[in-house]
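> My structure is below; once you've seen it, I'll send some questions.
We did not get these values from a lab; they are worked out from the coordinates using the rules stated. A quick note: this is a predicted structure, and the numbers were derived from the prediction, not measured. Reconstructed Cβ throughout: ideal geometry from the backbone, glycine too, with neighbour counts over all protein chains shown.
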């Protein structure tokens with residue numbers, strides 16, 4: 001087994017989280033603004049259930065596009081959020097289906113919901129990076145996560161705790177914890193698959 005393959009197979013959750021911390025705080029103002037706009041758009045459209053369902057998937061894909069640029073050393077920009085809408089159908093459908101699966105999992109005593117979250121957390125990245133349709137991206141994420149299911153489930157549980165802590169800090173903490181968690185997921189994908197430069201046509 002090559003050195004690169006060995007490195008890709010080694011799960012290092014603490015490194016993903018610590019490196020995501022460094023990345024976010026290296027450009028904190030920009031990340032807070034990006035997250036604030038992300039949250040405000042979702043809050044505004046959530047006045048109708050249909051509005052929230054329509055935008056959260058593409059916005060999340062756009063957030064991953066911005067994060068990927070930052071990981072690669074480029075500056076992430078506010079308009080990166082809108083780039084997720086170039087993958088609207090896949091982002092929308094995968095978001096609806098994955099959200100349903102996760103909700104069903106949480107109804108079944110929480111732990112299944114965390115496992116399902118781990119299985120499909122890379123879906124937006126497969127959509128953005130490889131322009132996969134919704135089901136292919138979900139399957140690619142599931143197959144990748146299945147190889148490291150226990151470790152990635154613990155990883156996702158840790159991210160849920162981080163997000164909860166952000167909510168408890170008067171809700172303002174999510175402006176840091178959201179980009180922190182998304183960056184950590186992108187770094188995990190980067191190690192396990194390898195992020196290429198995302199180009200949007």
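> Given contacts defined as C-alpha pairs under 8 Å and at least six residues apart, what's the relative contact order of segment 57-201, whole-number percent?
On the way: 192 pairs, mean separation 36.9, N = 145.
Relative CO of segment 57-201 lands at 25 percent.
> Another question about this same structure. Which peptide among 133-145, 71-83 comes first, and what is the full order, when sorted by highest mean count of other Cβ atoms within 10 Å?
Put in order of decreasing packing, that is 133-145, 71-83.
> Then there's this: Roughly what % of Cα-Cα distances in the chain sit above 29 Å, to the whole percent? Walk me through the numbers on the way to the answer.
Working: 3229 of 20100 pairs.
Roughly 16 percent, rounded to a whole number.
> Among 110, 50, 102, which one moves the most in a GNM of the chain with springs linking Cα atoms closer than 10 Å?
Checking each option, the largest mean-square fluctuation is seen for 50.
> Let me ask another. Determine how many Å³ per residue the convex hull of the Cα atoms of segment 120-168 encloses.
Working: hull volume 3.6 nm³, N = 49.
Each residue corresponds to 73 Å³ of Cα convex hull volume.
> Can I ask one more? Could you line up 38, 160 from fewest to most neighbouring Cβ atoms inside 10 Å?
Lowest count first: 160, 38.
> Quick check: pseudo-label points 7 Å beyond the Cα along Cα→Cβ at residue 172 and residue 39, how many nm apart are they?
1.0
> For the chain, modelled as a Gaussian network with Cα springs under 10 Å, which listed residue fluctuates most, 109, 165, 125?
109
> Report the gain in length on full extension from residue 161 to residue 48: 0.36 nm times residue separation, minus Cα-Cα distance, nm rounded to one decimal.
37.9 nm
> Which one, 123, 183, 158, has the greatest fluctuation when you compute a Gaussian network model over the chain with C-alpha springs under 10 angstrom?
With Cα springs under 10 Å in the chain, the top fluctuation among 123, 183, 158 is at 158.
> Please give the calculated 222 nm ellipticity per residue for the chain, where each DSSP H segment of at least 4 residues contributes -39500 (n - 2.57) and the sum is spread over every residue; nearest 500 deg cm²/dmol?
So the helix-based figure for the chain works out to -25000 deg cm²/dmol.
> Still on this model: Ordered by packing density, taken as the mean number of other Cβ atoms within 10 Å over each peptide's residues, highest first, how do 63-70, 188-195 rank?
Top of the packing list down: 63-70, 188-195.
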